[in-house]
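Here, each number is a calculation from the coordinates, and none is a lab measurement. As the structure is a computational prediction, the values presented were derived from the model and not from experiment. Virtual Cβ from ideal backbone geometry, glycine too; neighbours counted across all protein chains shown.
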Amino acid sequence: MQAEAAAVYISLGEMYKVAGSYKKGSAEYNHVMEVAAKTYPTQTAAAVNAASVMLGRGDTNGALALLSKADQGDKNVQLTMGYAYAKAGNNDKARECWQKAADKGSAEAKHNLSELAKSLE
């Protein structure tokens with residue numbers, strides 16, 4: 001009779017330590033960030049980090065799908081969704097997300113709104 005292998009998970013913090021042992025942006029680093037988001041789908045930071053990795057390689061649909069499962073009330077989720085929509089060319093949705101993030105106190109979102117307005121003049 002074979003023994004079944006038990007799933008062993010390391011903590012999100014431990015995953016970040018592993019990721020930190022690689023160069024930021026390397027294939028290994030990016031892989032750990034994506035595994036962290038898949039392993040801990042309810043952790044907002046994991047979703048934002050993995051979505052940022054996806055955006056870096058041009059996967060806006062993947063980033064938006066991942067972020068759609070995250071806490072929509074979180075300013076970092078809205079900020080990152082704004083980047084995804086902007087990268088996809090949807091300025092209206094980008095503005096909407098950045099406004100939500102700005103309303104929650106994100107200075108970066110406020111800056112993005114200002115830059116978007118200038119670019120559309």
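Scaling the Cα radius of gyration of the stretch 1-117 by the globular reference 2.2 N^0.38 Å produces a ratio of 1.20.
Report the relative contact order of the chain, percent, no decimals, based on alpha-carbon pairs under 8 angstrom and at least 6 residues apart.
Working: 130 pairs, mean separation 17.3, N = 121.
Across the chain, relative contact order equals 14 percent.
Within the straight-line cut-off of under 21 Å between alpha carbons, the lysines reachable from LYS69 are LYS38, LYS87, LYS93, LYS100, LYS104, sequence neighbours fewer than 8 places apart in one chain being disregarded.
Using the Cβ atoms and a cut-off under 11 Å, what net charge is assigned to the surroundings of THR80, where Lys and Arg are +1 and Asp and Glu are -1? Charge balance in the 11 Å sphere: 0. Spin-label model, ASN90 to LYS24: label points 7 Å out along the Cα-to-beta-carbon direction sit 2.8 nm apart.
Against the main long axis of the alpha-carbon atoms of the chain, helix 44-56 sits at an angle near 70°.
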